[in-house]
Amino acid sequence: MTTKEMLRVEQLNKSFGDLHVLKNVDLNVDESDVVVLIGASGSGKSTLLRCLNFLEMKDDGKIVLEGEQIEKETHNLNKIREHVGMVFQHFNLFPHKTVLENVIEAPVLVKNIPKEQAIEEGKALLDKVGLGDKYDVYPSTLSGGQKQRVAIARSLAMKPDVMLFDEPTSALDPELVGEVLATMKELADEGMTMIVVTHEMGFAKEVADWVVYMHDGKIVEYGRPDEIFNHPKEKRTQEFLSSIL
Ligand code: ADP
Ligand code: MG
């Protein structure tokens, strides 16, 4: 099997004032890889994802997407964001729009996809995430798990090359976590390139190609799930895992 690089991060640094949040972060993600990012609260996981989606601007270092080094001076970041989808802990659906309207909003307004086509594709995406009977309802009538699946469909509607997930199940009632993880697993099985911040270690063990452990703004350890979970090399990784498992 040939592998193609999708995303490369080199020596990324980011500070908020005096707080140095990302410290020389290096990361390589090949096409169709699922990378699960773990680490304690405050270790910089969200900031890293936000830098990769250019919601935050790095201070220095390189972000290379599909072979192209992306800089705010040379690239239209709104265009770049179309290639990098992001799903957050909180779904941020438009409450006054139906489920289908939420999904077609960006393709129609941002990408100028003809409305008919956006509707057809939006419906197919909602079918795919198991919400084929919910096109015309409003988000307030949905469970948290259903809302998050709408958020995933909405993000997929832009046809991203990479999907970033920042604790997508953390705000859900425990009984709703599984349906969202199942949707994500399906996406992974279809070959989507994904970077996922999660505390769901079962998902990480089953779905991740690589697990990255972050501590205090640095990548401390990087490996296959079996290595990280069963034979972590670094003491900090061992301590973190024993604190959560
Ligand atoms: P994690 O997602 O691993 O919990 P974050 O990336 O959210 O970590 O945060 C890393 C550190 O950066 C924390 O100390 C947090 O308080 C700080 N931080 C995050 N965003 C901002 C911001 N916009 N302004 C100032 N500090 C921030
Ligand atoms: Mg976070």
Quiz prompt | Subset of region 162-204 [away from ligand 1 (no atom under 16 Å from the Cβ), charged (D, E, K, R) and more than 30 Å from K79 (Cβ to Cβ)] | solution = D173, E175, E179
Quiz item: Identify, please: which residue in region 234-245 is surrounded by fewer than 16 Cβ atoms within 10 Å (Cβ to Cβ) and not hydroxyl-bearing (S, T, Y) and is, among those, modelled with the lowest pLDDT?
Solution: L245
Quiz item: Among the strands (runs of 3 or more DSSP E) confined wholly to region 1-114, which include 1 or more residues that are under 19 Å from M158 (Cα atoms) and within 16 Å of ligand 1 (Cβ to nearest atom)?
Solution: 84-87
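So, H231, is that one open to solvent by 10 Å² or more (accessible area, probe 1.4 Å), of a type outside the set (D, E) and within 16 Å of ligand 2 (Cβ to nearest atom) or not?
Against the criterion (open to solvent by 10 Å² or more (accessible area, probe 1.4 Å), of a type outside the set (D, E) and within 16 Å of ligand 2 (Cβ to nearest atom)), H231 does not qualify.
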Practice problem: Answer with yes or no whether V34 is more than 11 Å from ligand 2 (Cβ to nearest atom), within 14 Å of L164 (Cβ to Cβ), open to solvent by less than 10 Å² (accessible area, probe 1.4 Å) and touching a helix residue (DSSP H, G or I) at 6+ places or on another chain (Cβ under 6 Å). | Solution: yes
Quiz item: Could you list, in sequence order, the residues of region 41-61 that are hydrophobic (A, V, I, L, M, F, W, C) and away from ligand 2 (no atom under 13 Å from the Cβ)?
Solution: L52, F54, M57
Exercise. Could you tell me which residue of region 187-202 is farthest from the chain's Cα centre (by Cα), considering only residues that are buried (at least 19 other Cβ atoms within 10 Å of the Cβ) and closer than 16 Å to Q89 by Cα?
Key: E200
Quiz item: Looking at this structure, is D161 open to solvent by 20 Å² or more (accessible area, probe 1.4 Å) and within 13 Å of the chain's Cα centre (by Cα)?
Solution: yes
Exercise. Have a look at H96, H90, H83 and point out the one that is at pLDDT below 95 and open to solvent by 50 Å² or more (accessible area, probe 1.4 Å).
Key: H90
Self-check item: Pair list, Cβ under 9 Å, 6 or more apart: region 131-148 residue within 21 Å of G178 (Cβ to Cβ), other residue among the acidic types (D, E)
Solution: S143/D173; S143/E179; G144/D173; G145/D173; G145/E175; G145/E179; Q146/E179; Q148/E179
Quiz prompt | Residue selected from region 203-228 under the condition free of Cβ contacts under 8 Å to residues at least 60 places away in the same chain and basic (K, R), by the criterion surrounded by the fewest Cβ atoms within 10 Å (Cβ to Cβ) | solution = R224
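The values are calculated or read from the model by the stated rules, or taken from the named source; none is laboratory data. These numbers come from a predicted model, not from an experiment. Here the Cβ is made from the backbone with ideal geometry for all residues, glycine too, and neighbour counts use every protein chain on show. Surface areas here come from the heavy atoms of the whole protein model, side chains and all, with no ligands, DNA or RNA. Shrake-Rupley method; radii C 1.70, N 1.55, O 1.52, S 1.80 Å.
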